[in-house]
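All remarks here apply to the structure that follows.
The values are calculated or read from the model by the stated rules, or taken from the named source; none is laboratory data. Small disclaimer: the values here were computed from a predicted structure and weren't measured. Methodologically, a virtual Cβ is constructed for each residue, glycine included, from the backbone with ideal geometry; neighbour enumeration extends over all protein chains shown.
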Amino acid sequence: MDIGIAERPCQGETVCGDTHLVISGEVTLVAMADGLGHGPAAREAAVAFKEYVEEHAQESLEDILRGASAAISKTRGVAAALARIDQRAMTLSFAGVGNIEMHAVSRERIRPVSIPGIVGSRLRKVKQFDYNLALGDLLMLHSDGISSRLNLEDFRKLGVQEMADTIMEQHGKWHDDVTCLVIRI
Ligand SMILES: [Mn+2]
């Protein structure tokens, strides 16, 4: 499994209000969070989310999101998504809240939807999506600093790091923090 990551702060800010986390193994957990707004207070919320995920990585995706929501309730809150990839079973699970999106170029159609809301505020029931993966499948997670209208297919010939960098360059918005994470199975 290859992973490429591109991240940069909103123009005029020195810290990025987005964070991501990859805990690799036979089962890999990928997390992405976008702190509300931008700047240091957004970063503080995103980092608090990331730290919670690091400490609860073995739990179900819903439990992690709900637990994190309670744990970071004193922060601004975040949009967040979790993806768990099991390379032995070749499965993907996804759960998200707010504007983190997943695109895929894959054998099985993969297009999970995040529920509306904020992790750190009252969280409604979280919805988990489960898929089968095939070798060569391409997954991309991005914060809303990337325009969601892009067609991942257009970039599929690139290596994962070049893909993340190119997507950020071509589709990143200057007035928001940007994170683009690409995974090739
Ligand atoms: Mn954003």
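The single condition among (1) more than 16 Å from the ligand (Cβ to nearest atom); (2) closer than 21 Å to HIS20 by Cα; (3) of a type in the set (A, V, I, L, M, F, W, C) that LEU135 does not satisfy is (2). Total residues in segment 104-134 satisfying the condition of being outside any strand (DSSP E or B) and farther than 18 Å from ARG156 by Cβ: the figure is 13. Taken over segment 54-76, the residue count meeting the criterion of being under 23 Å from PRO40 (Cα atoms) and among the aliphatic types (A, V, I, L, M) is 5.
If you go through segment 23-59 and pick out every residue that is surrounded by fewer than 16 Cβ atoms within 10 Å (Cβ to Cβ) and touching a Ser or Thr at 6+ places or on another chain (Cβ under 8 Å), you end up with 1.
Right, ARG156: farther than 30 Å from GLY67 by Cα, loosely packed, with under 14 Cβ neighbours inside 10 Å and within 17 Å of the chain's Cα centre (by Cα) or not? Considered against the rule, which asks whether it is farther than 30 Å from GLY67 by Cα, loosely packed, with under 14 Cβ neighbours inside 10 Å and within 17 Å of the chain's Cα centre (by Cα), ARG156 comes out as no.
One residue stands out in segment 20-39 among those that are within 15 Å of the ligand (Cβ to nearest atom) and out of contact with any Asp or Glu (no Cβ under 8 Å at 6 or more places or on another chain): the one that is modelled with the highest pLDDT, namely LEU36.
For the condition within 21 Å of VAL178 (Cβ to Cβ), surrounded by 14 or more Cβ atoms within 10 Å (Cβ to Cβ) and touching a Ser or Thr at 6+ places or on another chain (Cβ under 9 Å), ILE85 does not qualify. Name the residues in segment 59-103 that are part of a loop (DSSP other than H, G, I, E, B) and away from the ligand (no atom under 16 Å from the Cβ), would you? If the condition is that a residue be part of a loop (DSSP other than H, G, I, E, B) and away from the ligand (no atom under 16 Å from the Cβ), then GLU59, SER60, ILE72, SER73, LYS74, GLN87, ARG88, ALA89, MET90 are the ones that fit. Somewhere in segment 147-165, is a residue in contact with a Leu (Cβ under 9 Å, 6 or more places away or on another chain), of a type in the set (A, V, I, L, M) and within 16 Å of the ligand (Cβ to nearest atom)? No, every residue in segment 147-165 fails to be in contact with a Leu (Cβ under 9 Å, 6 or more places away or on another chain), of a type in the set (A, V, I, L, M) and within 16 Å of the ligand (Cβ to nearest atom).
Put simply, of LEU133, LEU139 the only residue that is farther than 21 Å from ILE64 by Cα and crowded, with 24+ Cβ neighbours inside 10 Å is LEU139.
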